[in-house]
Amino acid sequence: MTQPLLEVRSLDVNTPEGRPLLRGLNLSLGAERVAVVGRNGVGKSTLLTALAGEVVDPRVTVRGTVRRVPQLLDPRAAADAWSRAHDLADAVGPAWWREAAALGLPTRPLVDGASRGEHRKLELMAAFLAGPDLLLLDEPTEDLDAAGLAWLLQRVRAWRGGLVVVSHHRELLAAFEHFFVVAESGCRYLPGRYDDVRARLDAEHAAREERYARRLGGLDDDEHHDHTVRRRRQRKRAVGRLHELDRSQSRMRLNSRRGAAQVSQGRQAEVRDARIEARRSEVRSIRRALTVQLPLDVVVPAPTVGAGDVIVMQGVTLEAGSRVLVRGLDLCVRHERVAVVGPNGAGKTTLLTAALGARAPSCGQVRVDAARVGAIGQGAAEWRVDASLLTLLEAGSDAPLDAIVQVLAAHRFPLALAERPLRSLSPGERIRAALICVLRRRPVVDVLVLDEPTAGLDLVGEAALTAALKAWKGGLLVASHDLEFLRGVGVDRWVTLGA
């Protein structure tokens with residue numbers, strides 16, 4: 001019998017901050033293709049790192065060669081990605097050039113290095129061409145344009161070694177028939193097509209909601225019973241005092257009986273309190289796994305009515321090295337919704353950076369009223385701070401905690417994640433947290449500038465983000481490869497680069 005490529009026995013997995021993720025994990029993997037799914041923040045990336053065997057652990061046995069492409073690529077490595085890629089080209093030969101052409105990559109290094117999408121393409125291409133026994137890919141569709149996605153799907157379907165992919169991308173997940181579901185309650189294996197697995201998870205989610213409702217009802221019954229018992233006991237004590245007529249031996253006997261009764265009643269109260277607290281803990285644990293739906297239009301603020309356009313670009317030309325990315329662009333944004341689209345390396349991020357006034361154009365003029373703009377970069381990297389979302393919201397508002405929690409619930413943001421440092425959140429959840437902070441700014445901004453806001457988001461998170469931006473009545477300047485998302489939020493003007 002062929003030995004598995006990967007064996008895990010009783011493995012405990014924690015976040016880098018020490019928060020428990022998985023306990024007693026057992027796993028055996030051969031030359032299968034497995035997709036790891038689960039909501040943002042449950043530890044999928046941490047699990048993949050543990051499976052890679054990059055940290056020596058006797059509970060993880062890896063046979064053969066392993067290659068992992070992380071979700072968060074080191075931006076410092078992008079500068080020399082081209083030189084490393086061409087070293088690989090010398091070793092691989094013509095196959096490298098065929099892959100580069102399929103990915104839409106230029107055949108020569110660029111003076112300004114690789115964009116995020118080009119960097120990911122190069123890392124993915126290198127991983128597949130290396131031909132490891134076990135390939136681990138964390139959110140490989142992130143930053144990829146249409147050509148990159150088509151190439152990745154073809155490569156995944158043709159792969160014959162071991163493959164573990166963490167992803168939320170529907171089209172990529174449709175290529176798998178084995179799923180590893182990660183949740184706060186543990187991990188489990190589900191076989192089948194993705195649509196069937198998704199339907200099963202949705203049905204389980206509905207069952208949890210029903211169970212939660214029953215538990216809440218039971219908790220209310222217990223609390224009502226406890227309140228009734230306590231009031232009855234208080235009345236009996238009051239009546240007992242009124243009837244204390246015997247001040248001699250009978251009083252001693254009465255006090256003795258009363259003392260025993262009070263001890264018994266005290267123990268019963270402790271049992272009731274313990275039962276109620278256990279029920280409350282159960283309700284809280286169930287509630288963490290549920291999605292709370294409240295109307296977003298109640299908590300998404302209306303933009304201010306400022307005078308004039310917020311962002312004005314006149315005859316703007318943007319260059320990167322010898323490449324002209326944008327030529328003679330005219331663009332005005334106040335309450336319009338503008339989508340910037342195009343292949344990797346076309347200059348979408350460069351255009352947004354210029355629109356924010358952080359990059360001077362080669363030609364033309366840019367005017368921006370920075371006080372009326374809220375910006376979130378790719379992966380909300382600028383929001384990698386030690387403060388939690390709750391801390392930031394409380395510091396920026398005099399609203400009571402209940403009102404802040406209502407905002408989080410309306411955005412379907414997990415309260416457990418809201419208490420953690422933003423630095424520890426996944427990129428997808430950090431983007432959502434940053435958006436909530438930006439929308440709560442006072443005075444309210446007029447225009448949101450977002451760079452690939454759906455990158456790394458799970459299906460629930462993407463739906464919540466789409467709903468929030470759809471409810472937002474202000475201007476929007478957004479760069480994205482996700483056309484379905486762009487159509488969902490509503491776009492007034494499309495700016496296509498690299499066409």
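Bear in mind these aren't lab numbers, they're just calculated from the coordinates by the rules spelled out. All figures in this text were calculated on a predicted structure; none of them were measured in a lab. Cβ coordinates were reconstructed from backbone atoms using ideal geometry, including for glycine residues, and neighbour counts include every protein chain displayed.
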Rounded, prolate or oblate (a/c below 1.5 giving rounded, otherwise prolate when a/b exceeds b/c) for segment 1-78 by Cα gyration tensor: oblate
Quick check on packing: order 133-142, 437-446 by the mean number of other C-beta atoms within 10 Å, highest mean leading. 133-142, 437-446
Simple SL model, points at 7 angstrom along Cα→Cβ for Asp492 and Glu54; separation in nm is 4.4 nm
Compute the FRET efficiency between Asp402 and Lys470 as 1/(1 + (r/R0)^6), taking r as their Cβ-Cβ distance and R0 = 41 Å, and round to the nearest 0.05. 0.95
How many nm separate the modelled label positions at Glu394 and Glu382, each set 7 Å beyond the Cα in the direction of the Cβ? 2.6 nm
Work out the charge dipole of segment 6-185 with +1 on the Cβ of Lys and Arg and -1 on the Cβ of Asp and Glu about the Cα centre, then indicate which of Val156, Leu129, Asn26 is farthest towards its positive end. Asn26
Could you work out the local net charge near Ala31, counting Lys and Arg as +1, Asp and Glu as -1, over the other residues with Cβ closer than 13 Å to its Cβ? +1
The extension gain from His86 to Arg193, computed as 0.36 nm times the residue separation minus the Cα-Cα distance, is 34.7 nm
For segment 338-443 the GluC sites (Glu not before Pro) that pass both the DSSP coil test and the at-most-12 other-Cβ-within-10 Å test are Glu419
What is the extension gain from Ala102 to Thr2, computed as 0.36 nm multiplied by their sequence separation minus the C-alpha to C-alpha distance, in nm to one decimal? 32.6 nm
At a threshold of 8 angstrom on Cα-Cα distance, excluding pairs fewer than six apart, so keeping six or more, what relative contact order does segment 296-496 reach in percent? 32 percent
Net charge near Asp369, counting Lys/Arg +1 and Asp/Glu -1 over other residues with Cβ under 10 Å of its Cβ? +1
Once both label points are put 7 Å beyond Cα along the C-beta direction, the Thr304-Asp202 separation in nm becomes 4.2 nm
